[in-house]
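The values are calculated or read from the model by the stated rules, or taken from the named source; none is laboratory data. Please read these numbers as outputs of a predicted model, since none were measured by experiment. These accessible areas exclude ligands, DNA and RNA; they are computed on the full protein's heavy atoms, side chains included. Shrake-Rupley method; radii C 1.70, N 1.55, O 1.52, S 1.80 Å.
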Amino acid sequence: MTSTTPDFGTFHISTTDLPERDRLAAWREYFGRKVFRLEFEPLPDVPFHVELTVHALPTLNMASTRCSPARVMRTKELVADGDDTFCLGLPSAGGAIVSGRGQDLTVKTGETVLTSWAESATLVHPMPVRFVSLNMSRAALMPLVRNVDDAVMRLIPHNVEALRL
């Protein structure tokens with residue numbers, strides 16, 4: 001997540017807890033801009049819904065998310081915040097098209113891709129999606145993974161043993 005999320009603990013957020021007419025605006029402004037530092041845009045003709053549970057630790061956050069079809073963006077404006085978190089998103093239902101570093105990757109159920117919040121990227125979920133994401137700070141990951149930046153935007157197929165964990 002970002003430096004604005006709690007250092008530890010668990011929290012749950014659902015747009016169903018908000019009045020229907022306010023859901024998208026509240027999610028975009030508060031959760032998108034202030035908490036997660038992402039832009040959210042529902043796909044046309046689909047009601048917007050997000051349900052999210054975050055387990056936050058000092059250097060690692062694990063989020064379990066259910067989301068209606070949407071476009072999620074880490075824009076150049078948001079990248080200017082200096083957050084250099086790495087995110088590994090693993091869909092258990094649905095998938096995404098991830099765009100960054102001049103390429104588009106199709107991520108299917110069980111596959112994943114590492115993204116860096118220090119770079120602009122766009123994720124499009126063309127159908128409802130469920131996924132788990134692991135979010136770790138650059139400082140925590142650098143001693144564990146050599147040349148971690150080389151792993152950004154590389155598709156990790158579903159048959160990689162480590163993804164079974």
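Using only the alpha-carbon atoms of the stretch 112-165 as identical scatterers, what base-10 log of I(q)/I(0) does the Debye formula give at q = 0.13, 0.31 Å⁻¹?
At q = 0.13, 0.31 Å⁻¹ the computed log10 ratios are -0.40, -1.45.
Please report Rg over Rh for the stretch 1-74, where both radii come from the alpha carbon positions and Rh follows the Kirkwood definition.
0.96
Carbon and sulfur: what percent of the chain's accessible surface (1.4 Å probe)?
57
Report the dimensions of the chain along its three principal axes from the alpha-carbon atoms, largest first, rounded to Å.
Answer, in whole Å and largest first: 47, 31, 30 Å.
Could you give the length gained by full extension between R21 and D45, i.e. 0.36 nm per residue of separation minus their alpha carbon distance, to one decimal place?
Additional length available on full extension: 7.1 nm.
Want the number for R154 to T59: 0.36 nm per residue separation, take away the alpha-carbon distance, what's left?
Residue separation times 0.36 nm, minus the Cα-Cα distance, leaves 31.9 nm.
Leaving out ligands and nucleic acids, and using a 1.4 Å probe, what accessible area per residue does the chain come to in Å²?
Accessible area per residue: 55 Å².
Convert each backbone phi in the stretch 92-106 into a coupling constant with the Karplus relation 6.51 cos²θ - 1.76 cosθ + 1.60 (shift: θ = phi - 60°), then list the ³J(HN,Hα) values in order as whole Hz, x for Gly and Pro.
9, 7, x, x, 8, 10, 9, 10, x, 6, x, 9, 10, 10, 8
Hey, how much of the P(r) for the stretch 43-121 falls beyond 14 Å, as a percent of Cα pairs?
Tail of P(r) above 14 Å: 70 percent of Cα pairs.
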